[in-house]
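Structure in structure tokens, see below.
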Amino acid sequence: MLWLFTAKWDGRLGSATMGSPEGSPLWQGAWGMCSQKTFAGGRAGRNKPRRSTQTKTAHSTKGNPTMPSSIIRGKHVVTKITGPSTAEVIEDGAVFQRDGEIVEVGPYSELSRRHHPDEIIGSSDHVVIPGLVNAHHHVGLTPFQLGALDAPLETWIIARWAMRDVDPYLDTLYCAMQMIESGITTVMHNHMASRLPPGVELFDAASQIVDAYEESGMRVAFSLSDRDQNHLVYEDDERFLATLPSDLAADARRQINARPITLEDYLTANAELLGRKSTDRTRIFISPHNVHWCSDEMLRAISDFARRNSTGLHIHLHETIYQKMYGARHWNKTPLAHLQELGVLGPEVSCAHGVWLTEYDIDIMAETGTALCHNPSSNLRLQSGVAPLNPLLDRGVTVALGIDEAGINDDNDILQEMRVAQKIHREPGVASPAPTSHDIFHMATVNGAKVTFFDKQVGTLEPGKRADIVLIDTRRINEPYLNPNTDIVDALVYRGKGLDVDTVIVDGEVLLRNKVFQRFDKAAVIARFKESLSQPLSERELNRGALSRRILPHIQNWFETWPLEAGEPHYTYNLAE
């Protein structure tokens, strides 16, 4: 997917610390100079804490605002999924963490006797779960918010040219707040590298996004996504431009060549990101945008970079039927089979979407250990189809869950995304397969941690893992009645929403307490973001929007010449007649 931005990097927001107002630095950089009482946690206007938190002693560690120890308790503690219909759940349980590491998990009565924490968090109204993982994401403000209605991907990408430019730092921080509020503690963020605006270098542009996640406290697997061909349609750029009126062709050529990035520049920026931005909470991946958008030379070079640097490779794949057809036309094989031929696939590779995978493709993924990041709402909204989740799970392919910048309700609520994933794959017939709530929960925790390379740290609540923990208030879920025998994982997937998330912890640090952010003031962040969006459109933005409207009919006509092929759909939803 395409993301355009123009804001020139002029510094980070600053370092957030918890604790007393006197211990918190001023917030500055991209926001200008703001008083600490506006942004830092625990300032004027903060809601009074509810009974879910009992604080014994306040602690603050500059640069690492982690509570030295805490017990996180709940009526149910879901430590991990153990099967398609089973989970390890401790009733009236608790997690004891010290310095961000889980030390013990067990009954609250036992842990409270054995340990003397600095803080007790939670209550009998809460369920305690591992932090959730959004395994494929792009931006904060949704394309719809920026004026691009849902449409097939191939035309939607061009329609997005008309969207206004957004400050990537503020957009990412806003996005991070939304995700934290829905229980997401880790995200795979994929950012489009090409067509940089004047005055912004690739490393600096990427740093704005990584720094925003660092300020938020989330974990992130960040990747710059790049391409070197087929910028307008699934064909050579000059060949397509030759079919356009000369004035339109000239304008379109200037647009796609505005700030070309060489493969050498792209790899250099990624090497710098790996060296300077990798931290305990930040992984740096690399990302060829899609098979048809990258030359074989680029795909091989990026794959070699990932393996030499022991990092992850994230790629969009088989998102639409046209992408599958491109493989048949150009290589006489599927795009995934082409990647296999190039030697790109492997356990370090995760593919986003995979809607039009064949049975043979799924076998290849299983054999090579290649993972899939499933984005059901995005695939519905962009008329892409429904990914073959049931066959993927049946073959043992690692499948994670992603929101892909929107979600069915145009928000970043992963609990609702889990529900979409659980419902949409229920095939007709009493003996037909259907994913369980536990399957989906596993995708959003363990598998998400695996594809982001955080699986040794997070994904389950077990001793030795990092304390990435979410407390969900179950009172709305249970109102006015819920059968007391209902499995808690079923209850969360069937009825949970982001608005039920009460407290979010990463590395033992409370990022969201009683729905109140601890590192910054939510209202102040949004106010500054709104201010940045209130400026009139620039001439560059207006020209880009006009070009989008002029060229869209030609893009539409070009794709209409491709007769749709059904080609082994796994669901009748995918039939193209």
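Suppose every K and R has +1 on its Cβ and every D and E has -1 on its Cβ; what is the size of the dipole of the chain about the Cα centre, in Debye to the nearest 20? Walk me through the numbers on the way to the answer.
Details: 58 positive and 73 negative charges, 360 e Å.
Magnitude of the dipole: close to 1720 debye.
Using the Cα centre as the reference, give the magnitude of the dipole from point charges on the C-beta atoms of segment 452-532 (Lys, Arg: +1; Asp, Glu: -1; all else neutral), rounded to the nearest 20 debye.
Numbers: 13 positive and 13 negative charges, 67 e Å.
Dipole size: approximately 320 debye.
Also, I was wondering about something else. Mind listing the long-range amide H neighbours of residue 87? Cut-off is under 5 Å, sequence gap 5 or more, other chains count too, H placed in the peptide plane at 1.01 Å from N.
Distant-sequence amide H within range of residue 87: 82.
Would you work out which of 290, 493, 193 lies farthest towards the positive end of the dipole of the chain? Charges go on Cβ: Lys and Arg +1, Asp and Glu -1.
493
Still on this structure: Got a sec to turn the phi values of segment 393-404 into Karplus ³J(HN,Hα) couplings, 6.51 cos²θ - 1.76 cosθ + 1.60 with θ = phi - 60°, whole Hz, x for Gly and Pro?
5, 4, 7, x, 6, 6, 10, 10, 10, x, 8, 6
On to the next question. Going by C-beta contacts inside 10 Å, put 437, 112, 223, 70 in order with the fewest on the left. Show your work: numbers first, answer last.
On the way: 437 22, 112 15, 223 27, 70 30.
Neighbour counts put them in this order, fewest first: 112, 437, 223, 70.
Projected onto the charge dipole of segment 462-551 (+1 at Lys/Arg Cβ, -1 at Asp/Glu Cβ, origin at the Cα centre), which of 551, 506, 534 gives the Cα projection farthest towards the positive end?
Farthest towards the positive end: 551.
Now a separate question. Return, ordered by residue number, the residues of segment 135-156 whose backbone nitrogen is under 19 Å from a label point located 7 Å along Cα→Cβ of residue 559.
143-156
Let me ask another. So how strong a dipole does segment 133-451 carry about its Cα centre when Lys and Arg Cβ are +1 and Asp and Glu Cβ are -1, to the nearest 20 debye? Don't skip to the end; give the middle numbers.
On the way: 25 positive and 42 negative charges, 81 e Å.
Value, rounded to 20: 400 debye.
If each residue of separation counts as 0.36 nm, what is the full-extension length gain between residue 531 and residue 262 once their alpha-carbon separation is subtracted? Walk me through the numbers before you get to the answer.
Working: separation 269, 0.36 × 269 = 96.84 nm, distance 3.49 nm.
Working it through step by step, the gained length comes to 93.3 nm.
Considering only 562, 471, 369, whose Cα is most displaced toward the positive end of the charge dipole of the chain, charges sitting on Cβ of Lys, Arg (+1) and Asp, Glu (-1)?
Selected residue: 471.
Something else: Just rank 280, 125, fewest to most, by other beta-carbon atoms within 10 angstrom. Write out the running numbers ahead of the final one.
Numbers: 280 12, 125 17.
In order of increasing Cβ crowding within 10 Å: 280, 125.
Follow-up. Let me know the Rg and Dmax you get for segment 133-451 when you use only its Cα atoms, in Å.
Every Cα atom of segment 133-451 included, Rg and Dmax give 18.7, 60 Å.
For the chain, give the share of DSSP beta bridges that are antiparallel, in percent and rounded to the nearest 5; count only bridges with both residues there. Can you show the working numbers first?
Values: 38 of 76 bridges.
About 50 percent, rounded to the nearest 5.
I would also like to ask the following. Amide H of residue 398 versus every other amide H placed in the peptide plane: which residues, excluding those fewer than 5 positions away on the same chain, fall under 5 Å?
The list, which skips near neighbours in sequence, is 372.
Residue 510's amide H: which non-local residues (gap 5+, or another chain) put their own amide H closer than 5 Å, with H modeled 1.01 Å from N in plane and none for Pro or chain starts?
67
Determine, from the Cβ-Cβ distance of residue 114 and residue 329 and an R0 of 56 Å, the FRET efficiency 1/(1 + (r/R0)^6), rounded to the nearest 0.05. Before the final figure, lay out each step's value.
Numbers: r = 65 Å, r/R0 = 1.16.
Rounded to the nearest 0.05, the efficiency is 0.30.
Taking the beta-carbon count within 10 Å as an exposure proxy, list 189, 374, 138 from fewest neighbours to most. Write down the numbers at each step before the final one.
Working: 189 26, 374 30, 138 23.
The order, fewest Cβ neighbours first, is 138, 189, 374.
Hull surface divided by four, with the convex hull built on the Cα atoms of segment 212-361: how many nm²?
Details: hull surface 42.0 nm².
With the hull built on Cα positions only, its mean projection is 10.5 nm².
When the C-alpha atoms of the chain are aligned to their principal axes, what extent does each axis show, in angstrom, from largest down?
Here the spans come out as 76, 61, 47 Å, largest first.
For the residue pair residue 308 and residue 341, what label-to-label distance in nm results when each label sits 7 Å from Cα along the Cα-to-beta-carbon direction?
2.6
Taken together, the values in this text are just the output of simple stated rules run on the coordinates, not laboratory data. Computed from a predicted structure; not experimentally measured. Neighbour counts run over all protein chains shown; Cβ positions are idealised from the backbone, glycine included.
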